[in-house]
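A short worksheet on the structure shown next.
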Amino acid sequence: MNIDKNLLSGSHTLLILSLIKEEEMYGYQMVVELANKSENAFQLKEGTLYPILHTLEKEKYVTSRMMEAENGRKRKYYKITDKGMKYLIKRTQEWEYFAKKVNLVVLGG
Amino acid sequence: MKEKRNETNITDIYHWSHEASRYIRFKPDREQVYQELLAHLFDKANDFENDGMKREEAMKSAIEAMGDATELGLMMRKIHRPYLGYLWRFTQLLLVFSILLIFFVSKQVGGIGNMIEELKPQKDYWEENRDQYNNYNEYTLIADLTPTCEATIEGYQLSVPNVLHWKVEYEVEDKLYGDDVFKFILKAKHSPFLDAPRGIIERLTAIDNLGNFYTDVRRYGREPSIVGNLTVERLFSSQFEVWVNNLAPEAEWIELQYDFLGRSFRLRIPTVEGGDL
């Protein structure tokens, strides 16, 4: 399980989970959404998107279901779970704490 | 590793998706991942085309954005380990198989309720009724034996666990009569798919050491005969109570005989102590 935990410990997980905390999305949709929201500052590395999503599902932080798109293609939509929500909150708090401390050192004091 | 890095080699999105998913061992997972990656590349290439790129160019760009297919493939393999999948499949199959097996076996033995009934330890009919005969004064016990004779026929293992022989004396119009009351337990061991061997019991005849013949016909009266009744029917064994009517008083043993449709057996039973020696 070490490999999975390592995969989830980066900031990508935080980004992905907060993207889908309001609505369920499929992979490519997340990439587009993130580019829009961050004004292209964050380009989700698509090579790691799916390993992270599948690991999140394995750890039960998200669930998935197949839905048929307008063009006939089947798309896998991911939705955050209660466990995932708790995880997101925890990671967010960690991130906020981290950011605050960095600001203290770099900007203030 | 013999393979070169595939970044420059794969330009087709179908090929790319195939390479990125082929290391996953459990087939349904592999198929799902293939479809998901393909859909993503498809959408991305479409967006590029809508921006003006030519199809081939669009596909190449989409693939470049995704990265190395083999690298992704190996990561996917680590994530989608098959044992949970196989374990689940195995448990499902096992469950279905067990249900079918129980259903099949229970049909053979007359239903599940019956099966449970028969597995319960049953009281020995013989033991329960033994005392019945000791209470009558006119009965004199001649022999209470436990022979070791055995025979096998048609999937049944036969044995005679107990033999009881009494002399009964009674008076009719001032005349004294004496009769021999002789009975034994015939036990048959069998697989749960077989019923009690009623057919065998109905066709039992016998001769004794004096050459007297005992018929299988149920005619209570003066004709020497053998008559059996089923008393215990269990999953793996059955028991019959067999009576010999008009046993010759001087007989020392009686040999059961069965001959039917080419199958036969003989079983020698002592009627007095040491009679079968």
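The values are calculated or read from the model by the stated rules, or taken from the named source; none is laboratory data. None of these values were measured; they are calculated from a predicted model. Cβ coordinates were reconstructed from backbone atoms using ideal geometry, including for glycine residues, and neighbour counts include every protein chain displayed. Only protein heavy atoms, including side chains, enter the accessible area calculation; ligands, DNA and RNA are left aside. Shrake-Rupley method; radii C 1.70, N 1.55, O 1.52, S 1.80 Å.
Please determine whether any residue of the range A:66-85 is over 22 Å from B:LYS78 (Cα atoms), touching a residue at least 60 places away in the same chain (Cβ under 8 Å) and more than 14 Å from every other protein chain (Cβ to nearest Cβ). There is at least one residue in the range A:66-85 that is over 22 Å from B:LYS78 (Cα atoms), touching a residue at least 60 places away in the same chain (Cβ under 8 Å) and more than 14 Å from every other protein chain (Cβ to nearest Cβ).
Which residues, counting only those in the range A:56-65, are within 13 Å of chain B (Cβ to nearest Cβ) and either open to solvent by less than 30 Å² (accessible area, probe 1.4 Å) or touching a residue at least 60 places away in the same chain (Cβ under 8 Å) (or both)? Across the range A:56-65, the qualifying residues are A:LEU56, A:GLU59.
Within the range A:37-55, being more than 13 Å from chain B (Cβ to nearest Cβ) and either assigned to a helix (DSSP H, G or I) or open to solvent by 50 Å² or more (accessible area, probe 1.4 Å) (or both) holds for A:LYS37, A:GLU39, A:ASN40, A:ALA41, A:PHE42.
So that you can scan it fast, the table gives a plain yes or no per residue for (1) facing chain A (nearest Cβ under 7 Å); (2) out of contact with any Cys (no Cβ under 8 Å at 6 or more places or on another chain); (3) open to solvent by less than 50 Å² (accessible area, probe 1.4 Å); (4) under 19 Å from A:ALA69 (Cβ atoms):
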residue	(1), (2), (3), (4)
B:PRO28	no, yes, no, no
B:GLU31	no, yes, no, yes
B:GLN35	yes, yes, no, yes
B:ASP43	yes, yes, yes, yes
B:ASN50	no, yes, no, yes
B:GLU57	no, yes, no, no
B:LYS60	no, yes, no, no
B:THR70	no, yes, yes, no
B:GLY73	no, yes, yes, no
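Any residue at all in the range B:214-223 that's under 28 Å from the mean Cα position of the chain (by Cα), open to solvent by less than 20 Å² (accessible area, probe 1.4 Å) and not aromatic (Phe, Trp, Tyr)? The answer is no, given that none of the residues of the range B:214-223 is under 28 Å from the mean Cα position of the chain (by Cα), open to solvent by less than 20 Å² (accessible area, probe 1.4 Å) and not aromatic (Phe, Trp, Tyr). Checked against the criterion of being basic (Lys, Arg) and either buried (at least 16 other Cβ atoms within 10 Å of the Cβ) or part of a loop (DSSP other than H, G, I, E, B) (or both), the range A:16-36 contains one or more residues that satisfy it. For B:GLN108, indicate whether it is open to solvent by 30 Å² or more (accessible area, probe 1.4 Å) and within 14 Å of chain A (Cβ to nearest Cβ). The answer is no for B:GLN108. Across the range B:227-248, which residue is farthest from B:ILE269 (Cα to Cα) among those that are part of a loop (DSSP other than H, G, I, E, B) and open to solvent by less than 60 Å² (accessible area, probe 1.4 Å)? Of everything passing the filter in the range B:227-248, B:LEU235 is farthest from B:ILE269 (Cα to Cα). Somewhere in the range A:98-106, is a residue among the basic types (Lys, Arg) and in contact with a strand residue (DSSP E or B) (Cβ under 6 Å, 6 or more places away or on another chain)? Taking every residue of the range A:98-106 in turn, none turns out to be among the basic types (Lys, Arg) and in contact with a strand residue (DSSP E or B) (Cβ under 6 Å, 6 or more places away or on another chain).
Looking only at helices (runs of 4 or more DSSP H) that fall completely inside the range B:84-203, which ones have 3 or more residues that are modelled with pLDDT of 75 or more and out of contact with any Pro (no Cβ under 7 Å at 6 or more places or on another chain)?
B:198-202
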